[in-house]
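Notes to accompany the following structure.
The values are calculated or read from the model by the stated rules, or taken from the named source; none is laboratory data. Here the structure is a predicted model, which is why all the values come from computation and not from measurement. Methodologically, a virtual Cβ is constructed for each residue, glycine included, from the backbone with ideal geometry; neighbour enumeration extends over all protein chains shown.
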Amino acid sequence: MSLLDKNLPAPLYHQLQCVLKTEIESGRWRWDERLPSEGELAERFGVSKITVRQALQELANLGYIRREQGRGTFVARRKFDEGPRELTSFTEEMKRHHLAATSRLLAQFVAEADARVSDTLRLPLRSPVCVVKRLRLADTEPLSIQTAHIPADFVPDLKLTDSLSLYEVLQNRFGLYPARARETYLAALADAPAAALLGIAAGSPVFAVERVTFLPNDRPFEFVQSTVRGDRYSIVLDLVKSGSEKPALTLKD
């Protein structure tokens, strides 16, 4: 039994909030699982229902739970924070959230680079590029649709499958090691084809994301256009006042 310390300066409701938050983050309570009732929590922790209600309200404000009238309190599907961070793969990022990352290969072919792709990758117009379109999932839940464009000369005979990591193939087979990336996020609405793949309603809010990835010599080698579910991601930025010490900026794949 987890007991709260009434001798601590922190209010009991805050202590309870921290305990429940830790249990949710550790996986004791899973997404969409119903939490014990206020009475059951009050009995477990030896506090009043008012204290429990305050703790639950704080958790709801933080997005950890949702409260449904007449049904109870449920663990909410938390959003993935996107912000300045280390450049990692989708698989590594999902592992950080204790989720199993998988991909479904939707298409792979060689095409001529249009003006946008050629400008971004610094290629002559209509240069051959390898196009890889994938559906990215976490614990079988679709999160994003990614379309990567890579100069065909960099990846001759690229063969990707659902089980292969694109970055592992690029590094291990072709010696392409990402050094940095630049991402741009725009608000958009999901069209019908994208919505069907992502399991959301057409017209739902999504992020339209573009990423350019660079080699150590600053040569761009990958241009990715993605449609990311807006209900599963949030953008988090660390803002520093001009003139003060600035932390190192890192980026995520």
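Tabulated results
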{"read-out": "Among the residues listed as ALA148, ALA138, the single one being within 17 Å of GLN225 (Cα to Cα) and either of a type in the set (Phe, Trp, Tyr) or surrounded by 13 or more Cβ atoms within 10 Å (Cβ to Cβ) (or both)", "value": "ALA148"}
{"read-out": "Conditions (1) buried (at least 18 other Cβ atoms within 10 Å of the Cβ); (2) aliphatic (A, V, I, L, M); (3) assigned to a strand (DSSP E or B): number failed by LEU176", "value": "(3)"}
{"read-out": "Some residue of the range 34-45 being surrounded by fewer than 15 Cβ atoms within 10 Å (Cβ to Cβ), more than 29 Å from the chain's Cα centre (by Cα) and at positive phi", "value": "no"}
{"read-out": "Residues of the range 190-209 satisfying the condition of being of a type in the set (Gly, Ala, Ser), assigned to a helix (DSSP H, G or I) and without any contact (Cβ under 8 Å) to a residue 40 or more places away in the chain", "value": "ALA192, ALA195, ALA196"}
{"read-out": "Tabulated pairs, the range 156-173, first closer than 23 Å to PRO128 by Cβ, second basic (Lys, Arg), C-beta under 9 angstrom, 6+ apart or interchain", "value": "LEU158/ARG173; LEU160/ARG134; LEU166/ARG134; VAL169/LYS159"}
{"read-out": "Looking only at the range 179-225, and only at residues there that are modelled with pLDDT under 95 and of a type in the set (S, T, N, Q), the one that is surrounded by the most Cβ atoms within 10 Å (Cβ to Cβ)", "value": "THR213"}
{"read-out": "Yes/no for THR120 being of a type outside the set (A, V, I, L, M, F, W, C), touching a residue at least 40 places away in the same chain (Cβ under 8 Å) and part of a strand (DSSP E or B)", "value": "no"}
